[in-house]
Every structure is written in C-alpha cells, then in structure tokens.
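Every number in this text was worked out from the coordinates using simple rules, so none of it is lab data. Keep in mind that this is a model prediction, so the values were computed, not measured. Because the Cβ atoms are built from the backbone with ideal geometry, glycine has one as well, and the counts that use them run over all protein chains shown.
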Amino acid sequence: MRSLESSGARRKTLKNKKTPQTLRSARWFAPDDLRSFGHRSRAMQMGYGPEDWAGKPLIGIINTWSDINPCHAHFKHRVEDIKRGILQAGGMPIELPAISLAEQYVKPTTMLYRNMLAMDTEELIRCHPVDGVVLMGGCDKTTPGLLMGATSAGLPMIYFPAGPMLRGNWHGKVLGSGSDAWKYWDDRRAGLINDQQWLEIEGGIARSHGTCMTMGTASTMTAMAETLGMTLPGASSIPAPDAGHVRMAAATGRRIVEMVWEDLTPDQVLTHDAFENAIIVAMAMGCSTNAIIHLIAQARRAGCNITLDDFDRYSRIVPVLANVRPSGETYLMEDFFYAGGLPGLMSRLLDHLHLDAKTVTGRSLRENIAGAEVFHDDVIRPLDNPIYKEGALAVLRGNLAPDGCVIKPSACPEHLHQHTGPALVFDDYPSMKAVIDSDDLDVTPDHVLVLRNAGPLGGPGMPEWGMLPMPRKLLKQGVRDMLRLSDARMSGTSYGACVLHISPESYVGGPLALIRTGDMITVDVPNRTIKVEISDEELEARRAQWKAPEPRYERGYGWMFSKHIQQADEGCDFDFLRTDFGRPVGEPDIF
Ligand code: FES
C-alpha cells in the first residue's frame, strides 16, 4: 500500500485542517491489521487499488434515485457528473443509494417517511468509510430528510438539488405543477373541461425530469438549502435539463473534496443566523407552508431553537418578491432562473439577511451573492413593488389552535383573511370525499369546511389533504374559494383559504376534535387569531366526552412512528432524534 504521506503531499499547498493520516476513511484502510486487510482486499475485489483510496478523501454520494421518482429521473446521469468532479479534485466517489420518496407515488404520504430517510442518511454516513458526502435530492421531503440526517452525522456535506422541471404547456397556455392541476380539475368538475382536453393537460403538465416548477415544497426547500449555505451559489434555481445543471454537479463534486481537507463541517454553517436567513428568503419566495415544519426540524437537528413565532415575526416585515405561482399569477421557476434566480432574489434582501453567515464555499453569504443581479423586475419584484405586502405565511393562535396553525395569505383572496362562518365538520378524509360532490350537501360560501384526523398521528403522517376540495355544488355556482381548516398539511403548489397544521392535532384530543357542525368559527389573519365561538366550559364538557381513537399501528415502522412523532409546531421529528436526547452518537466501534 502506498504511503499515505506521499499520496497526500500535493495537498500540502492547501490550508489543510485534515491530513491524509487524519482522514476518517484512513481508519478503515490504513492500519496494518486483519480488519483493514479485509477492507482493502474487498475494495480490490471491486477492481480498486491503493491509488483509489490511499490518502484520498472518500466521498459518499447519497443518491435518492429510483425507477419511480420522475423528479430524480436524471440522477442516474448526474451522479456520474458528481463523480467526475470528485475525481478531478483528487477524491474517491462512493455512491450510496437511499430511500427515494417520490411525492406522487409514495402512500399514504411521503411525510410518513421523511424521518426514515433522515435515519437512513445518518446511518449510511456513520457506518461507511466516508470523509464527506454529497446529498442528491429535490422532491419535497428528500431535501429536509437528507439534510436532517447528514446534520446529525456531522461530516462535511454539500447538497445537490435536482432542479425544477421545464414549464408545462397546453394549447399555448403555461401549466404549473400542482397549481394548474387543481385549477383545471375544478373546471372539469364544474363541466368546463372535457375528457379529451383533460388527457391533453395530463400529457403537457410535466414535460421534463426535475422537481415541480411552481413555488411548491421542492422549490422552497431547495432554495432554503441554498440560503442555509448548504449548496454552491445558484444551484437551486437551475432547471434540471439545463447544461448548467450538469456543470453544477461536477462543481459540487469538486467542492466536497476541498471541504473535507478544510474540515468544513455542517455545524460551522448551520447556525441560528443561517436559519433566520432561510426564513427571510422563504417569506420573500412565497414559500410552501411545509417550509415551517421542515425548517423547524432541520434547525433542531443543528441545535438551533427556531419556532413558529420566528416565522411570523419575519412574515410581518419581509414581503413576497418572487412572482411565481401559486402566490404569483404568471411565472414559474424557469422564469425565476432567467430573472437571476435565488442569488438575484437575495440581492434584494441585503438589509434583512445575516450576510456574514458562512457557507459551504468557505466564504460568507455576502461574498457568495456579491454582484448578483435581477434581470426581470416583474419576476423578482423590488421591495417597493411586492407581490404581497407581507411574507408568504402567517401563524394563527387561539382556542382552536393553542400551539398554533398556519395559513398562506399570499395565495388566498383577501376577503377571506377575516371571516366568521358555521363549521361543516368531516371526521376523516373518506367521509368528506363521499359527500363533497353531493348536490344535497348543506353548504354555502360562508361555511367553514373542517377536516380532522389528518395530522401527524391521525393521517397518519399528516398527508397533504389540507386543500380540501371545494364542494361541487359551490363550484357550479362559480365559487372558487372558501375557508377550510384542518390538522393536515397541503402541497406547496396548492392555494386557497386553507388553515393548516392545527396543533395539537385532533387525533390526540386537540380542540379540533371537539368542534361540531354549526359551531361558529372566526379566522382573523391580520390579528393572527383563530377561534371557535364556544365557551371554555363547553369545550371542557366536550373534552370529558371525547374518546381517544384506536392506535393505527401495532407493529413495524408505523408503530415506531406513532410512538415517537412530534407535533407539527415541533417539526414532526422523532423525539429520540433530538440533539438533546441522550449522549451524542459516536463513531462506529469496529476497528
Ligand atoms: Fe416531486 Fe413535486 S412531485 S417535486
């Protein structure tokens, strides 16, 4: 085996914090003992030799590709580009597949498995001989899942976003993921779209690989990853099919090798300031409501106590600047990229951001976005001409949601920001679905639709049911929005007057479990309140009659999930994965 000293000599020109001898992977490959013999001989079984591992950073590439994940379909090729970059920089790539959470296909909801991906990621990193990792994700839960797990693992890591797909098209009209599916589905239910037209929309709404190209959860979370400093500058905005995306893959591979030598670990990047930056940018992006849950969970993995109140505080001072659907009317992520992308948007937020925050480039956010410009003022609006005067999300509290709930006022009509109406309560999703299209449904535009048992435990997994379907009876009358409440989440591509994440959820006996059809409910977004107009005494009397539902699982992952999942306001992480839960996990003791 070649001397580690000589192999790493060319690295001595760098300001190394790591040396070939102190590389983590050297614990597997360097010692002259029987265990290391096994590691080396089995590497040679795969056709590798000492030139591949000795004195070189071994870089894990956590790849969330699968045959049934259209958002990551290009990862089979991009992983080769990342490997090229790693090799160029003198590292050794090791691809490690992780669970692939395809939003459209994984049932009952990918949110049930976000924490499984986080655990998968953390343990893949911990148990393998890697010195740093590239995380390949993009489709909704994959970004937070990968980042949560890698944060807990603590090795140098860099995130590579899948990139948004190209704009959809139908009869010359631009189609946006999710948002236009909901819109045209309502048109079809109202009899305005025929079967042939529906088939054409089906074939035109997703024209390339890549993530949803509206400002959904995928675009929100990849932008958050970049704002946190976990990607190379500009990485999150590049459309997936763009040649620039290929070049970004190679650059990401090169950079992680340098990060290993610099020992640039996530704790140096994921600070409280970095998470506040992510909230600020989320507000200006017109972010998905899911950002709240995921960012709280990510922050807590990094030991930062971010709360719902932090989101609401910035929501009041940072306006929505990105004119991208569903908050905006016209544009999609492809337009956002051409207009300057995330660096362009951040260049408009200089007075709000913590610019000294360190990033994976080794430089500050200020240095990363120096010179960034906006090339289209209607896509990325100036501060004095925003899409919406406040940030994208608002946090409401009251006797119906003591631990808070969320609404996206930027994507719902202003006349519903303050509304009082009678509740029409559905105990679960199937019972709602069974009657929502009935012409006999006793519902008016003033009603407040309520869905319960759709939270973290009740769903289970808090499915994206929060954009309750509009009753067909009202659609036929031309009504397109009404106040809707639930303990569910909704897709970031959704829109409408939907109050979500009501905490505590109804399944554990939160007040949502106690309300009845006909109770008057008031939502007041400007004053951030939500309440059911019944007395505390009446609520307590109803609580005394409430019976906890049967457990949903008696074995397996679902059982573990049920035992340990936290509520929405706490980020829905497992309680035993908190940073303050017991002793930190050390290195594998196998040597
Ligand atoms: Fe994958 Fe929307 S379905 S990002």
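Every cysteine in the chain with no other Cys Cβ under 4.7 Å from its Cβ, please list them in numeric order.
Singleton cysteines: C127, C212, C287, C304, C405, C412, C498, C572.
Find how much the distance from D524 to F375 grows on full extension, using 0.36 nm per residue of separation minus their present alpha carbon separation; answer in nm with one decimal.
Taking D524 through F375 to full extension adds about 49.9 nm, to one decimal.
Label Y557 and D67 with points 7 Å out from Cα along Cα→Cβ: what is the distance between them in nm?
Between Y557 and D67, the simple spin-label model gives 1.9 nm.
If each of T420 and V585 carries a label point 7 Å out from its Cα toward its Cβ, how far apart are those two points in nm?
5.2 nm
Mean separation of Cα pairs under 8 Å and 6+ residues apart, divided by the residue count of the chain: what relative contact order is that in percent?
13 percent
So what J values fall out for region 71-80 if you push phi through Karplus, 6.51 cos²θ - 1.76 cosθ + 1.60 with θ = phi - 60°, rounded to Hz, Gly and Pro as x?
Calculated HN-Hα couplings, in order: 6, 10, 4, 7, 5, 4, 8, 4, 5, 5 Hz.
Give me the lysines in straight-line cross-link reach of K17: C-alpha distance below 16 Å, same-chain residues under 8 apart excluded.
Reachable lysines: K56.
As a check on your grasp of the helix formula, calculate [θ] at 222 nm for the chain: sum -39500 (n - 2.57) over DSSP H runs of n ≥ 4, divide by the residue count, round to the nearest 500.
For the chain, the value works out to -9500 deg cm²/dmol.
Compute the Cα gyration tensor for region 175-331, then decide on rounded, prolate or oblate, letting a ≥ b ≥ c be the square roots of its eigenvalues: rounded whenever a/c is under 1.5, prolate when a/b is larger than b/c in the other cases, and oblate in all that remain.
Oblate, since a/c reaches 1.5 and b/c is not below a/b.
With a 10 Å radius around each residue's Cβ, average the other Cβ atoms per peptide and rank 310-317, 75-82, 412-419, highest first.
Top to bottom by mean Cβ count within 10 Å: 75-82, 310-317, 412-419.
Please compute the contact order of region 152-299 in relative form: average sequence separation of alpha-carbon pairs under 8 Å and at least six residues apart, divided by the residue count, as a percent.
33 percent
Using only the Cα atoms of region 404-488, build the gyration tensor, take square roots of its eigenvalues as a ≥ b ≥ c, and label the shape rounded, prolate or oblate: rounded if a/c is under 1.5, else prolate if a/b is larger than b/c, else oblate.
Oblate, since a/c reaches 1.5 and b/c is not below a/b.
For I317 and T517, what is the calculated FRET efficiency with R₀ set at 22 Å and r taken between the beta-carbons, to the nearest 0.05?
0.05
Where a ≥ b ≥ c are the square roots of the eigenvalues of the C-alpha gyration tensor, would you call the chain rounded, which needs a/c under 1.5, or, failing that, prolate if a/b is larger than b/c, or oblate?
Because a/c hits 1.5 or more and a/b exceeds b/c, the chain counts as prolate.
For K547, list the lysines whose Cα falls under 29 Å from its own Cα; do not include residues on the same chain fewer than 8 positions away.
Cα-Cα hits under 29 Å: K107, K433, K531, K563.
Between T22 and N399, what length comes free when the chain is fully extended (0.36 nm per residue of separation minus the Cα-Cα distance, one decimal in nm)?
Full extension from T22 to N399 adds 130.1 nm.
Enumerate the calculated ³J(HN,Hα) couplings along region 88-101 in order (Karplus 6.51 cos²θ - 1.76 cosθ + 1.60, θ = phi - 60°), each rounded to whole Hz, writing x wherever the residue is Gly or Pro.
Each residue of region 88-101 in turn: 4, 8, x, x, 10, x, 9, 7, 10, x, 10, 4, 9, 9 Hz.
Which lysines have a Cα lying under 16 Å from the Cα of K408, excluding residues fewer than 8 positions away in the same chain?
Counting by Cα, and skipping residues close in sequence, K408 has these lysines nearby: K389.
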